[in-house]
Each structure stands twice: as structure tokens, then as C-alpha cells.
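Asker: Quick one: the structure is below, questions incoming.
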Amino acid sequence: MKVGIPRALLYHRYGRFWEQFLAGLGIDVVVSRRTDKVLLQNGLGHVSSEVCLPIKIMAGHIEELAGQVDALFLPRLLWLEDKLYACPKMIGIVDIARMMLDDRVRIVAPKIQGSLWLPHFSAGMELCHDPVRVVRALAQANRLLPTHAQIPDFPAGEKRVALIGHFYNLGDDFISRPMVDTFTSHGYRICTQDELPGKVLRNRDGFARKIRWVYERELYNAFRFLVDKVSGVCMIVSMGCGPDSLVAEFMREEAQQRDIPFLQLVIDEHTGTAGIVTRIEAFLELAERRQARTFKIQDSRLQIGGQGRAA
Amino acid sequence: MKASFPNLGYDTYALKTFLEDLGAEVILAPPNSRRTIELGALHSPELICMPYKITLGNMLEALDLGADTLFMAAGARKCRFGYYHYLHERALKNLGKECRFIPVTQYSPLDFVFKVMPGIFGVPPWRVVRAIAKMLAKSRLTQEFRQQLNRKMAIDFSGAEQAKPKALSVIERAHTLREIQAARGEVRRAFNSNGAEPQIRLGLVGEIYFMIEQFASQEIEKELGRMGAEVVFEPVPAHSPPALFGPGFHALGASGAQLPAGVTGRGSDTYGRRGSLLSAAGTGRRRAHLPVHLHAGEHRARSAPEAI
């Protein structure tokens with residue numbers, strides 16, 4: 001039996017876990033190819049023009065897999081810890097897939113509510129009918145779940161920038177490559193939420209307590225954690241992302257208060273690389289100028305202090 | 001206290017009654033207009049949804065008219081709507097507008113009656129209960145008004161347009177529960193169509209704000225009425241202001257929904273209503289299942305309803 005996993009959305013976080021889990025069940029796993037222009041173009045025809053870019057890409061991946069596999073593994077994430085919900089479009093992607101495929105392909109869609117184990121176990125039973133094997137496969141796959149226990153180092157004198165964006169945008173090279181390349185070619189280290197420990201991302205203090213979307217809280221907490229360790233914050237928002245449009249406003253305000261440059265890049269399928277590169281370069285120039293200015297102020301303070309002591 | 005709140009279609013009158021009964025002087029925001037949207041959009045984040053822009057415009061216009069206290073519904077958690085008030089409050093502060101901003105979240109009924117409202121207005125709890133009763137009665141009245149109006153428009157458009165202002169002023173003037181009851185009969189008489197039946201009935205479902213606020217939905221009910229179609233909307237509790245105050249009301253509309261819980265703020269609600277409207281609109285007539293999607297936004301053209 002061949003089961004397909006679309007290389008989009010949740011794949012960028014749970015992909016390796018799923019691959020290992022399904023392989024452990026003795027299933028042929030087919031992962032769709034990396035996102036490219038053609039794949040995106042195929043997806044566009046299947047979804048409303050008002051949804052965000054990652055969903056359009058997802059539609060392309062589903063279409064790509066449809067002819068090749070017997071079943072599609074497409075978990076539906078309703079909520080995770082603290083009853084925080086995923087965004088509506090991600091919850092609804094299974095229904096979009098059903099509409100796209102009619103009955104051509106079977107869809108295995110474990111409904112994740114809080115815990116990963118039970119839904120994956122029942123999905124495994126659906127595919128393999130052997131509880132011992134399912135449990136063993138789950139246990140083996142478990143170590144591939146992304147975990148970070150350590151807070152990364154932030155050495156002084158290093159040029160750093162925070163790239164705040166959903167993991168399914170940053171993880172997809174088709175979307176994030178131009179941004180990452182521009183930053184790294186200017187000698188910046190990119191800090192994202194993916195390298196922060198869960199303890200930081202699940203923080204419930206301050207405004208984070210009021211956020212009811214699981215991935216928005218991650219972004220906001222990552223922003224709060226990184227904002228005073230970097231010389232600029234760049235946020236990637238998919239056009240039409242409801243939760244982002246709101247939480248980004250709070251981040252922008254906070255960055256302004258701390259006098260940290262904040263760049264919001266809105267992306268959709270029409271976004272060209274050149275425009276993004278230009279904007280990032282302008283943003284980096286601003287960040288560097290700001291840093292030079294603060295150093296100058298500190299210098300002059302030192303001098304004044306020195307004179308004061310001398311007198 | 002000169003209280004105001006964002007317009008909410010015909011239910012504006014229900015909320016007005018509620019606040020007046022608690023002893024506030026109510027300053028209604030001017031009816032929604034192009035200016036409201038432009039004013040709101042000017043001070044809004046670029047990517048935020050349309051109701052935010054309109055409600056912010058309402059608030060700014062109401063403050064210009066001298067309001068000093070603003071009420072805003074809050075607390076519907078999975079939808080951006082519940083977060084509006086944080087941004088509203090900040091936007092008003094950044095604009096240098098002096099006012100008291102009171103977000104009304106979904107309190108428990110006991111808290112609402114015994115603590116929150118008495119705390120704001122300094123009235124005993126029984127007055128709050130009375131005000132809620134009046135608001136509910138008035139909300140039912142406006143719903144009746146809307147149903148009758150839609151029906152009349154489909155049969156006799158000019159007649160409906162003539163009767164509308166009078167019926168609205170009757171609704172606005174009704175203060176006691178008895179008067180509200182009497183207004184109901186008057187509304188029915190005003191839109192009496194002598195047993196004539198409209199040719200087409202259309203079911204309308206959608207996001208709560210656009211279902212309530214006529215201007216925001218580009219007065220689609222009126223446009224469709226002009227073309228001879230009666231617009232039917234499901235009178236569920238979720239579509240009246242009490243739902244914005246009371247806890248748990250919003251779940252009632254979701255009965256019969258086949259979507260998984262939590263598809264959006266109101267997605268499963270809308271989906272459930274779609275089913276019951278199909279059966280309501282189809283009684284005794286040919287069932288026409290022809291869904292048409294309309295997106296709302298400040299740049300949308302007025303001609304959208306003609307797509308139907």
C-alpha cells in the first residue's frame with residue numbers, strides 16, 4: 001500500500017515523525033516533491049483565491065499526490081496544548097482535500113485534539129490492523145518529534161536578525177529561500193522560533209495569555225524572547241492570514257517602543273524575489289544605521305563622562 | 001455618561017434600549033457610510049477584516065458627536081472579533097481621543113447581572129435584568145421587522161420603502177415591554193401585503209456581522225428585494241445582540257452542522273444554518289440549491305448582488 005504525505009503545512013514540523021511512523025507500519029511512503037512554480041500553479045485552480053499562500057501550495061501538493069497513491073495521510077489539527085486552536089484554514093484543509101479528490105483517493109485524517117498519541121494510534125490501526133506494531137512504530141517515531149531543550153547561544157558582536165513567521169512558511173524553501181539567502185549573504189545569523197525550547201514558546205505571561213491560536217502564541221513568544229537579542233525583526237505574513245494580521249500589529253507596536261526596526265513582508269503567489277530582496281536590503285541598512293547611531297551616542301556619553309571626571 | 005457603541009444593523013435599537021434603561025444617555029453613531037469605512041480604514045492595520053474598519057469608523061464618528069464612553073463586544077475567542085477591542089482601544093489612544101472604553105466580554109450571567117453592569121452603571125441587579133428583558137424583546141421585534149420588511153420588499157418594493165421609516169420610528173419609540181409588544185402589531189400592519197406571496201425565496205447565511213449590519217453587506221437584502229426575491233434568514237439567538245453578551249449562545253446555532261467543531265469563529269454555525277434554511281426555503285416549492293458566494297470588503301463594488 002502506498003500512502004502519500006503532502007510536503008506542506010504540518011509536514012514541516014511533523015514530517016519526519018510521520019515518515020518514520022508510516023514506514024514502521026510497513027507502508028510505502030510517498031512524499032510529494034518540493035514546492036515549485038508548477039506545483040503552486042496546479043494548486044491555484046483548486047482553492048478560493050482568498051485563502052493564504054500555504055493553503056494554495058498545499059492544494060498543489062495534494063493534486064500532485066492524487067494520481068500516485070492509494071491513500072493520503074493528512075492529519076487535521078484542531079487544537080494543541082491549553083486548548084489553543086490552529087487556524088481555521090488548517091483545520092479545514094482536510095475538507096478541501098475531500099472536495100478536490102471526491103472519492104479518488106482515501107484520506108486518512110487523524111483528528112488531533114490536544115495529544116498526538118491517540119489519533120495517531122487509531123490512524124495506524126486503520127492502515128495496519130496490528131496494535132502491537134502500531135505502538136512500536138509510534139514509539140520508534142517518537143524521537144523524531146522536534147524538541148529543543150537548550151536556549152541557543154547569542155554571542156556578542158554577532159550580527160543577528162529575527163525571522164518571525166509560521167514554520168510552514170519558513171520551512172518551505174520555495175517561500176523562504178530568497179529571504180534567508182539575502183540575510184545570510186549580508187552576514188546575518190537568522191534566529192527563528194524553531195530553535196527555541198518549548199518552554200519559551202509556551203509562555204503564558206502578559207499578552208500571550210490572551211492569544212487563542214497555538215501558532216500565533218509561538219510567534220509572539222518567539223518575538224518577545226528574541227526582540228532584545230537582535231538588531232532587527234522581520235516578519236513574514238501570508239496575504240490573507242487572519243491571526244497574523246492581528247498579532248503582527250502588537251509586535252510592530254512593541255518593536256517600535258523598543259526602537260527595533262520591524263519589517264513586515266506580506267507574501268502571496270505574485271510576490272517576486274527582487275521586491276523582497278530590495279526591501280530586506282533597505283531594512284538591513286536601517287538596522288545598521290540605527291546601531292551605528294546608538295554606538296555614537298554611547299561614545300559621546302563616555303567622552304562627556306570622562307571630561308566630567310577630569311574636571 | 002454619554003454612551004455609544006458601533007452600529008449593529010436594526011439591532012442598534014435593541015442595544016440602545018438596553019443602555020438607556022440602565023440610565024445612560026445614548027449617542028448613536030451616524031448611520032454607516034462611505035465616510036465611516038474610509039475613516040476606519042485610515043487608522044486600521046492593512047490586513048485586518050472589514051468589521052474592524054467599520055466599527056472603528058463608528059467609534060470615531062460617535063466621539064465626534066460627543067460620546068464619552070464606548071462599549072464594544074469582545075471575547076469570542078477563536079475569531080479575530082474577540083481581539084478587536086485591544087486594537088480599538090490602542091488606536092483611539094494613539095489618535096489622542098479621550099474616552100472611557102468598556103469591552104463587554106462573555107461574562108457568566110450571574111457576573112453580568114450582579115457585578116459587571118451594576119459596577120459600570122451603579123444600578124441594582126434587578127434593573128439589569130429588566131434591561132436585558134427589554135433588549136431581548138426589542139431584538140425579537142427588530143427581527144420580526146426585518147422579516148416583514150424583506151417579504152414586503154419582494155412583493156411591493158416602493159410600498160415597503162414608504163412604510164419602513166415609520167415602522168423604524170415606532171420601534172425606536174417603544175420603551176416599555178408593553179409598548180414593544182404593541183409595536184409588534186404595528187410593524188405587522190405596516191407591512192401587510194394582503195396574502196400575496198413572493199415568487200422567489202433566497203436563504204442568506206454568513207458571518208454574523210454581515211448578517212446583522214445591512215450596510216456592511218451592501219444592503220444585499222434590499223437589492224434582492226428590489227429584484228423580487230424575499231431573503232430568508234434563520235432567526236437563531238446567535239444573530240441578535242444577546243449572543244454578544246450572553247455566554248454559550250453562539251453554540252446554539254451549530255446544531256446539525258457536519259463540519260468539525262471550531263472551523264472558525266462562526267463557520268460551523270453558518271454551515272448548520274445553511275441546512276435548515278434550505279429546508280425552510282424549499283417548503284412547497286421547487287428546491288433550488290444554488291449557492292452563491294459573496295466576499296465583503298471595502299473595495300467591493302455595489303453591483304455584487306446582481307451576480308445572483
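Asker: Among the residues of region A:112-150, what is the count of those that are surrounded by fewer than 17 Cβ atoms within 10 Å (Cβ to Cβ), of a type outside the set (S, T, N, Q) and under 23 Å from the mean Cα position of the chain (by Cα)?
Answerer: 8
Asker: Continuing with the same structure: Just name the residue that is nearest to the other protein chains (Cβ to nearest Cβ) out of those in region B:14-46 that are under 17 Å from B:E213 (Cβ atoms) and part of a loop (DSSP other than H, G, I, E, B).
Answerer: Once the filter is applied, the top-ranked residue is B:S44.
Asker: Can you tell me which residue within region A:47-57, out of those that are more than 14 Å from chain B (Cβ to nearest Cβ) and under 17 Å from A:L101 (Cβ atoms), is surrounded by the most Cβ atoms within 10 Å (Cβ to Cβ)?
Answerer: Within region A:47-57, the match that is surrounded by the most Cβ atoms within 10 Å (Cβ to Cβ) is A:I57.
Asker: For region A:39-57, which residues satisfy the criterion of being within 20 Å of A:R106 (Cα to Cα) and outside any helix (DSSP H, G or I)?
Answerer: Scanning region A:39-57 gives A:H46, A:V47.
Asker: Going by the conditions given, is B:G9 within 19 Å of the chain's Cα centre (by Cα), among the small types (G, A, S) and surrounded by fewer than 24 Cβ atoms within 10 Å (Cβ to Cβ)?
Answerer: yes
Asker: Filter region A:208-247 down to the residues that are more than 8 Å from chain B (Cβ to nearest Cβ) and β-branched (V, I, T) and list them by number.
Answerer: Listed by number, the residues that qualify are A:I211, A:V214, A:V227, A:V230, A:V233, A:I236, A:V247.
Asker: Residue check, A:A8 against (1) at positive phi; (2) crowded, with 19+ Cβ neighbours inside 10 Å, all met but one. Which one?
Answerer: Against the list (1) at positive phi; (2) crowded, with 19+ Cβ neighbours inside 10 Å, A:A8 comes up short only on (1).
Asker: Would you be able to say whether some residue in region A:21-38 is of a type in the set (F, W, Y) and in a helix (DSSP H, G or I)?
Answerer: Yes, because at least one residue in region A:21-38 is of a type in the set (F, W, Y) and in a helix (DSSP H, G or I).
Asker: Still on this model: Only one residue in A:E81, A:E63 is charged (D, E, K, R) and in contact with a His (Cβ under 7 Å, 6 or more places away or on another chain). Which one?
Answerer: A:E63
Computed from the coordinates by the stated procedures, all read-outs in this text should not be read as laboratory data. Just so you know, these numbers come straight off a predicted model, no measurement behind them. Here Cβ is always computed from backbone atoms with ideal geometry, including for glycine, and neighbour counts include all displayed protein chains.
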